[in-house]
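A.B. asks: Have a look at the structure that comes next, please.
Values quoted throughout were computed directly from the atomic coordinates according to the rules given, and no laboratory measurement underlies them. Just so it is clear, the structure is predicted and the values come from calculations on it, not from any experiment. Using ideal geometry, Cβ is built from the backbone for each residue, glycine included, and neighbour counts are taken over all protein chains shown.
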Amino acid sequence: MTIIDKPADVPAPRSGGEKSGRLLDVKDLHVEFHTRDGVVKAVNGVNYSVDAGETLAVLGESGSGKSVTAQAIMGILDMPPGKIPQGEIVFRGQDMLKMSNEERRKVRGRKIAMIFQDALSSLNPVLSVGYQLGEMFRVHEGMSRKQSKAKAVELMDRVKIPAAKERVNDYPHQFSGGMRQRIMIAMALALEPDLIIADEPTTALDVTVQAQVMDLLAELQREYNMGLILITHDLGVVADVADKIAVMYAGRIVETAPVHELYKRPAHPYTRGLLDSIPRLDQKGSELYAIKGLPPNLLKIPSGCAFNPRCPKAQDICRTEVPPLVPVTERDGTDLAGRGSACHFWKETIHG
Amino acid sequence: MGRYVARRLLQMIPVFIGTTLLIFLMVNALPGDPVKALWGDKPPDPAQVAQIKHDRGLDLPLWEQYLHYMKGLFQGDFGNTIAGNRPILDEITQAFPVSMRLAAMAWTFELVVGITLGVIAGVRRGRIIDTTVTFFTLIVISVPIFVFGLGFQLIFGNELGWVKPTVQDSESFQQLMLPALVLGLVGLAYVARLTRTSIKENRSADYIRTAVAKGLPRRRIISRHLLRNSLIPVVTYLGTDIGALMGGAVITEGIFNVSGVGNLLYLGISRREGAVIVGIVTVLVIVYLLASLLVDLLYAVLDPRIRYA
Amino acid sequence: MPDLMKSPAADEPEVALAPPSGKAAEAGEVGGARSLWGDAWRDLRRRPLFVISGLLILLVLLVSAFPGLFTSADPGSGDLTNNFLGSPQLGHFFQDDWFGYDRQGRSIYARVVFGARNSVMVGLGVTLLVTVFGGLVGMLAGYFGGFWDSLLSRITDVFFGIPFLLGAMVVLNAFTDRDVWVITGALAFLGWTQIARVMRGAVITTKHADYVMAAKALGAGTKRILFRHVLPNAVAPVIVVATIALGTYIVAESTLSYLGLGFASDAVSWGADISDATQDIRNNPHTLIFPAGMLSITVLAFIMLGDAVREALDPKLR
């Protein structure tokens, strides 16, 4: 989608010039879960890509498939019951779904790392944070216990945990929520991966801490020129850090756009609804907007456009035909780079 | 930490007194008379019965008997047997090392085989190996242990001749093998079940997902991340089982003719030698209480979230 | 039960989780009652393990209630000419010689059929008693906390400190005519601690649940909170443990019989027959295999039922 040209003289830190260009290409990815109640179609043909140094925000309600997509990329889906019947996940030109388990394992943590939402439950309660951080170096780089401990301290320093040296042997429950999330970030950064997937990294944190953690993440991303996939349901978080946005609904991408354009002119009624439901100070007194209805049941996704039962603009065609993700243009037909919408009435939405 | 241990030791006192009192009452308040039993089927001589009872303090009220008994206990006097008039302490010190050896073997067996089977079954959930292990543990729990004991004795001892059918030398590691296996069998099944359930519960934990996302090899995820967390409930079981194995091998010791605590207990019960039963139970309760304290302290080592204040 | 110290099934996960440091609270985590049981039931119906064990239990209950339906032979008297006669005639379904004859020429099939009642009654009776009594103690200790908890928990500890089978042996040795009631009473007297501990842990967990807090905030009385809100939600782990324990009580009865402390010798029971048969194990193993097999299958059915219910109730295990 967007291609960010890098001047050749900007040195990518450490790993040389390798860290540029297209990192990840997700092509027509489908994920389903086979449960006793039927087949849950969690992801239904997702396409997106991330370049080095780029931040893609994936936006959606819970159940939109945004986290499942990320887990599929990471290769940490529980299979079974999960199944990937179709699609490709191309990382640096190689389809990871065709790799052996061992090859994939070596990519995990080293090339692609993940930050989870709830750091307290995501860190092992019975191992010290120093051990858990150092484990990355011991497993992937064969370092000794002592070396890895030193590296762990270094990492904790880098994510600005005070008194790292004294705290390296502490356990996760002894840290505050914000500090724990920094430890998660440090763990993801340990081997300076090409791509980081952050799944709602700040949702579980206090509002005051959220900004600090987000800033830290953005700063480190710039420093290492990493690709970042930021999964969130919070439009506020996205605006400052993301380059481009993909909005997901019922396992599909319904709109893609560079970040500021999306805020200015959404091209899908769902995105518009999301934006309208942000409380605004200048509209004090008026009723808060909410998208009516409930997120779809993934066992029984509505026919046609999955959003049609909740859409204020829905017509007959919306109930029968699935709208493809089409490029969005200006009124006169000029290309809008990186923009796409999966709505039969995108024209009316963006220009009307 | 020190304070915690002190408090726990203090808490043990009422439990210790309560348990010994309870078994004392059970032994003495129930119908039946050990002194009259000395005469077997013949009619006892009332004068002699009264004399023996008086000599032993058995004609005193129960609470006085208990106080006397406890007083003696603290001076290392467990009393004498009614039949034979031997010091009970001697009998206990003779029997305990044998039972301890047997229990240690059975316990090791439970620990090693039980945990191994549990881990394999838990990790390979739903596969054939899981079903096999689960089925095996269910069978072991459902079949009365004396059936196993007698069956193994018959098959391995008498028919195949791999081992001696009964234990001649209670110091022989080899001869104790089969009894230890039988003794540890049920515990092994419980350890395996417990480990399996625990592993199954923990393997969907968030931190396991993190470990996978870190690109750790499967072996490491299981041994470093999954096992440690899953073993916490198993440790409780194994801890309290030490005492259980030591004192409780009545069936096993009977079948294989091991002269340990279990045999002593059986004789004590059938001859209604109250003092023998109470004496052994007293020692067992101490072992049990200390073992559960040990387990609690071990918890803090396994799980850093637990703090003792 | 090899070990006198072991209370049957005292070692099931729920209990083992219980002892130190409020960890008990985690033992019986249970969500909303109705949806929980509804979900569990839907899940259970599809489990072959549950269906098989359920059918087996129904069959055993039927045999215990109406043994006459299954055989016309008299289990008590035998024809000595049939002494060990003939190995089992496995083709002769439901006939007297189906499982062969024992030392006194009694039909083993008839004895297995008529022996079911005593074993099953002991199992059911002990379970009923320990569930009511242990459940009550655990509920009071867990709900009221403080002094009552300390007192009741110490009493529980005292009983728990006495090895289960050893205690039962001491009690039973005092009685000469041991019938169902004596044996049931002796086992229940020593077995209730396990349920009490599980119940206490479950109640403590439930007590702090938001919906109980909400009920309190709305001004519901203690009785109402206890019986309407806490109990229905705390009862799941108790049911699981009790079902599994039922099986182990049946095994305990047979072990006591083996030690000569089970049913009086003229009673027909699996335990008595199994211990009787141990003398003939070498040359006539069929005298052992059939009663032991029936007993084990029954016990197995209860344990499998408990396991299935546990897995259905615990979403983490699904």
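A.B. asks: For region C:221-269 and region B:227-285, what is the separation of their Cα centres, given in Å?
C.D. replies: 23
A.B. asks: Suppose every K and R has +1 on its Cβ and every D and E has -1 on its Cβ; what is the size of the dipole of region B:89-302 about the Cα centre, in Debye to the nearest 20?
C.D. replies: On the way: 18 positive and 13 negative charges, 298 e Å.
Its charge dipole is roughly 1420 debye.
A.B. asks: Still on this structure, I have one more. Hey, what do the phi angles of region C:114-129 turn into as Karplus ³J(HN,Hα) couplings, whole Hz, using 6.51/-1.76/1.60 and θ = phi - 60°, x for Gly and Pro?
C.D. replies: Karplus-based 3J(HN,Hα) across region C:114-129 equals 6, x, 4, 4, 4, 4, 5, 5, 4, x, 5, x, 4, 4, 4, 4 Hz.
A.B. asks: If you filter region B:240-309 for trypsin sites (Lys or Arg not before Pro), then keep DSSP loop positions with at most 15 other Cβ within 10 Å, what is left? Write down the numbers at each step before the final one.
C.D. replies: Working: sites: B:Arg271, B:Arg272, B:Arg305, B:Arg307; in loops: B:Arg271, B:Arg272, B:Arg305, B:Arg307.
Those that pass, being in a loop and sparsely packed, are B:Arg305, B:Arg307.
A.B. asks: Any idea what angle helix B:88-109 forms with the longest principal axis of chain B, computed on alpha-carbon atoms, 0 to 90 degrees, nearest 10?
C.D. replies: The two axes meet at around 20 degrees.
A.B. asks: Also, I was wondering about something else. Between region A:148-214 and region B:147-222, what's the alpha-carbon centroid distance in Å?
C.D. replies: That distance is 41 Å.
A.B. asks: Taking the dipole about the Cα centre of region B:89-302, with the C-beta of Lys and Arg at +1 and of Asp and Glu at -1, give me whichever of B:Thr240, B:Pro97, B:Gly254 is farthest to the positive side.
C.D. replies: B:Thr240
A.B. asks: Ok, one more. Given charges of +1 on the Cβ of Lys and Arg and -1 on the Cβ of Asp and Glu, with all other atoms neutral, how large is the dipole of the protein assembly as shown about its Cα centre, in debye to the nearest 20? Intermediate values should be presented prior to the final figure.
C.D. replies: On the way: 97 positive and 91 negative charges, 380 e Å.
In total the dipole reaches around 1820 debye.
A.B. asks: Amide H neighbours of A:Gly21 under 5 Å, at least 5 residues apart or on other chains, H built in the peptide plane: list them.
C.D. replies: A:Ala52
A.B. asks: Additional query: Just tell me which lysines come within less than 20 Å, Cα to Cα, of B:Lys200; anything on the same chain fewer than 8 places away is out.
C.D. replies: Within the straight-line limit of under 20 Å, B:Lys200 reaches these lysines: C:Lys23, C:Lys316.
A.B. asks: Return the percentage of antiparallel bridges among DSSP beta bridges fully within the protein assembly as shown, rounded to the nearest 5 %.
C.D. replies: Working: 33 of 52 bridges.
Of all bridge pairs located within the protein assembly as shown, approximately 65 percent are antiparallel.
A.B. asks: Let me ask another. As an exercise, identify the GluC sites (Glu not before Pro) in region B:116-206 lying in DSSP coil whose Cβ has no more than 13 other Cβ atoms within 10 Å.
C.D. replies: Numbers: sites: B:Glu159, B:Glu171, B:Glu201; in loops: B:Glu171.
Those satisfying the criteria are B:Glu171.
A.B. asks: Please give the helix A:207-224 orientation as an angle from the longest Cα principal axis of chain A, in degrees from 0 to 90, rounded to the nearest 10.
C.D. replies: The answer is roughly 80 degrees.
A.B. asks: Further question: Between A:Leu127, A:Thr202, A:Val322, whose Cα lies farthest towards the positive end of the dipole of chain A when Lys and Arg beta carbons carry +1 and Asp and Glu beta carbons carry -1, centred on the Cα centre?
C.D. replies: A:Leu127
A.B. asks: Return the distance in nm (one decimal) between the two label points of a simple spin-label model at B:Gln168 and A:Ser176, each offset 7 Å from Cα along Cα→Cβ.
C.D. replies: 7.5
A.B. asks: Using each residue's phi in region C:187-199, evaluate 6.51 cos²θ - 1.76 cosθ + 1.60 at θ = phi - 60° and report the 3J(HN,Hα) Karplus result to the nearest Hz, with x for Gly and Pro.
C.D. replies: 5, 5, 3, 9, x, 5, 4, 4, 5, 4, 5, 5, 4
A.B. asks: Under a cut-off of 24 Å between alpha-carbon atoms, report the lysines in cross-link reach of A:Lys165, not counting same-chain residues fewer than 8 places apart.
C.D. replies: List returned: A:Lys146, A:Lys149, A:Lys151, B:Lys214.
A.B. asks: Tell me the angle of helix B:128-142 to the major Cα principal axis of chain B, expressed in degrees between 0 and 90 and rounded to the nearest ten.
C.D. replies: Taking Cα atoms only, the helix is inclined about 10 degrees.
A.B. asks: Using amide H atoms built in the peptide plane, which far-off residues or other-chain residues are under 5 Å from A:Ile197 H to H?
C.D. replies: A:Ala113, A:Met114, A:Ile115, A:Ile229
A.B. asks: At a 10 Å Cβ-Cβ cut-off, how would you order A:Trp346, B:Trp162, fewest neighbours first? Can you show the working numbers first?
C.D. replies: Values: A:Trp346 25, B:Trp162 10.
With the sparsest Cβ surroundings first, the list reads B:Trp162, A:Trp346.
A.B. asks: Same structure again: Can you list the trypsin sites (Lys or Arg not before Pro) in region A:190-256 that are in a DSSP coil and have 15 or fewer other beta carbons within 10 angstrom? Working shown, then result.
C.D. replies: Details: sites: A:Arg222, A:Lys244, A:Arg252; in loops: none.
Answer by residue number: there is no such site.
A.B. asks: Also, quick follow-up: Around C:Ala116, with a cut-off of 14 angstrom between Cβ atoms, what is the net charge of the other residues, counting Lys and Arg +1 and Asp and Glu -1? Write out the running numbers ahead of the final one.
C.D. replies: Working: positive: C:Arg111, C:Arg117; negative: C:Glu253, C:Asp273.
Local net charge: 0.
A.B. asks: A further question on this structure: How big is the gap, in Å, between the Cα center of region C:166-191 and the Cα center of region A:262-278?
C.D. replies: 75
A.B. asks: Restricting to chain A, what percent of DSSP beta bridges are antiparallel, rounded to 5? Write out the running numbers ahead of the final one.
C.D. replies: Details: 31 of 50 bridges.
Beta bridges within chain A, antiparallel portion: roughly 60 percent.
A.B. asks: Still on this structure, I have one more. Mind checking which of A:Ala164, A:Val237, A:Leu24 is farthest towards the positive end of region A:21-242's charge dipole, using Cβ charges of +1 (Lys, Arg) and -1 (Asp, Glu) about the Cα centre?
C.D. replies: A:Ala164
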